Amino acid sequence: MPIRPDRLLADMRALAAIGQHMTGVNRPAFSDADIAAREWLRNKMMNAGLAAEIDCYGNVYGRAINADRTVVIGSHSDTVPFGGWLDGAMGVIYGLEIARCITESGSQSCGIDVISFQDEEGTYLPFLGSRAFCGDNLTAEIETAKSKDGQTLKDAMSKAALPGNAAVRLDPRRHAAYFEAHIEQGPRLESSGRKIGVVTAIVGIKSFRLLFRGQANHAGTTPMDMRHDAGGAAMCLGNLLNQRMPAIGGPQTVWNVGNMRFEPGAINVVPVLAEVFLQVRDISPAVLAEAEHLVRALAAICAESFKVDVEVECLHDTEPAAMTPALAKLIEKAAAELGAPSASMPSGAGHDAMIVVRHIPSAMLFVPSIGGRSHHVSEDTSDVDIVLGAQVLLRAIELFMANGAR
Ligand code: HGY
Ligand code: MN
Ligand code: MN
């Protein structure tokens, strides 16, 4: 069954135009552009013959009509600030296109439900949409969740006028499996000349907020040994992490200080306060636990040497997740049938599939990222690779349905 490349690419480009920023997209969760994109997706799902709705969390869900057993295809349509046009959005449009193809083919074996999860990127709460879909109790987290600009998730949800909508939920009696296609967001496929990544597992992610509290003072007259320098302690942490993390980590271990803020932030004042946002990722729960221990130990060392106090808060902790081997094999088989060289690989990026796989069989397919770039307006994939990825995904789902979709 062939997908329609022209229709697939036209929909991707139309979605990318909503919140477009240079060659990328600025569509953080619950921004006006994000909500506009979700309304556009709902209309597209309805035009594709799906019963479509936006739920109280912002998930856009298109349900196959007259099907009691379906495959869910999805990803997310929210982005990081000033991100790329494909991260998340590609997987949602793949779902839309495959739903249309299956409907047009008249196939009765199994329907296609399509979903765009909300806030996969964690503007307010990472994996908000997929966790809600899977029935996690988010009440307490939604109460306190805020964006980095201090806007509360509750305000964002009510501004989007969603609270009255029903929640859409995963139903294992209806939903036989979940497939997510995504750009690799790294260099491996491109450098190895492979066209399809078959995801074996997704890294776990621990996010921390560290607050160093010292004493503001004159940057010129305060002797170095009399300072309580919160900024110095924060930078000490960054340096010690780079020195000590490799010893406890493995080949997949990565860490990132994504944001650091000093107060009062004047060049001639010793910082009284330094706020550091840091992430550690690895495929192994044991390495992640070891890394958390190291972060806390180094924070204490730096606080002591710069004579300040420190608080370490683990903001989010998402476990690593293995994908379902039997479904991964179908992606591999489909790629081989279509002559697409594939490689099995772990994902260094988090994805909604790591939440859904806790509840129903799930698998992920990657397509190459040009230059391995992502989370930036330069993120791109060739049309040929985009179209091939969709065709391989459709074929894998046909194989799944041929096996009885049970
Ligand atoms: O950060 C991630 O890994 C994903 O893009 N949210
Ligand atoms: Mn992302
Ligand atoms: Mn993504």
- Task: Set the Förster radius R0 to 41 Å, insert the Cβ-Cβ distance between Arg69 and Gln20 as r into 1/(1 + (r/R0)^6), and round the FRET efficiency to 0.05.
- Result: 0.60
- Crossing angle, helix 5-16 versus the chain [Cα axis fit, 0-90 degrees, rounded to tens]: 30
- Just the accessible area per residue of segment 166-303, please: how many Å² with a 1.4 Å probe? 45
- Message: With both bridge residues required to lie in the chain, what share of the DSSP beta bridges run antiparallel, to the nearest 5%?
- Response: 70
- When only alpha-carbon atoms count, how far does segment 164-293 stretch along each of its three principal axes, as whole angstroms with the largest first? 68, 48, 28
- Query: What residues from segment 132-151 fall in the zone where the backbone N is under 11 Å from a label point 7 Å along the Cα-to-C-beta line of Arg261?
  - Reply: 147-151
- Debye equation applied to the C-alpha atoms of segment 196-262, log10 I(q)/I(0) at 0.13, 0.19, 0.20 Å⁻¹: -0.56, -0.90, -0.95
- Given springs between every Cα pair under 10 Å in a Gaussian network model of the chain, which of Gly129, Gly197, Gly106 has the largest fluctuation? Gly106
- Query: Which whole-number percentage describes the relative contact order of the chain, with Cα contacts under 8 Å and a sequence gap of 6 or more?
  - Reply: 22
- Note on the structure: Quick calc: nm separation of the 7 Å Cα→Cβ label points for Asp225 and Arg296 -> 3.3
- Query: Among Pro187, Pro346, Pro251, which one shows the biggest mean-square fluctuation in a GNM of the chain, springs joining Cα atoms closer than 10 Å?
  - Reply: Pro251
- Can you check what the Kirkwood hydrodynamic radius comes to for the chain, Cα pairs only, in Å to one decimal? 22.2
- Angle between the chain longest axis and helix 89-105 axis [Cα atoms, degrees, rounded to 10]: 10
- FRET efficiency, 1/(1 + (r/R0)^6) with R0 35 Å, evaluated for Asn43 and Lys146 via beta carbons: 0.70
- Item | All aspartates and glutamates inside 18 Å of Lys44 as judged from Cα atoms, apart from same-chain residues fewer than 8 positions distant | Asp6, Asp11, Asp34, Glu53, Asp55, Asp78, Glu97, Glu104, Asp113
- Query: Label Asp317 and Phe277 with points 7 Å out from Cα along Cα→Cβ: what is the distance between them in nm?
  - Reply: 2.1
- HN-Hα couplings for segment 303-316 via Karplus (6.51, -1.76, 1.60; θ = phi - 60°), in whole Hz with x for Gly/Pro, come out as 4, 5, 6, 9, 6, 10, 9, 9, 10, 10, 10, 7, 6, 9
- With all protein chains present, the chain has a carbon and sulfur share of its accessible area (1.4 Å probe) in percent of 54
- Counting only Cβ distances under 4.7 Å between cysteines, those in the chain with no partner are Cys56, Cys101, Cys110, Cys134, Cys314
- Item | log₁₀ of I(q)/I(0) at q = 0.22, 0.25 Å⁻¹ - segment 40-126, Debye sum with one point per alpha carbon | -0.99, -1.20
- Message: Sequence gap at least 6, Cα distance under 8 Å: using those rules, report the relative contact order of segment 280-362 to the nearest whole percent.
- Response: 33
- With Cα coordinates, the longest principal axis of the chain makes an angle with the long axis of helix 325-337, in degrees rounded to 10, of 60
- Scattering curve values for segment 278-406, log₁₀ I(q)/I(0), Debye with Cα scatterers, q = 0.18, 0.22 Å⁻¹: -1.08, -1.32
- Message: Given N residues in segment 115-215, what is its alpha carbon radius of gyration divided by 2.2 N^0.38 Å?
- Response: 1.41
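The values are calculated or read from the model by the stated rules, or taken from the named source; none is laboratory data. As the structure is a computational prediction, the values presented were derived from the model and not from experiment. Note: ideal-geometry Cβ built from the backbone for every residue, glycine included; neighbour counts use all protein chains shown. SASA here: full protein model, heavy atoms, side chains in, ligands and nucleic acids out. Shrake-Rupley method; radii C 1.70, N 1.55, O 1.52, S 1.80 Å.
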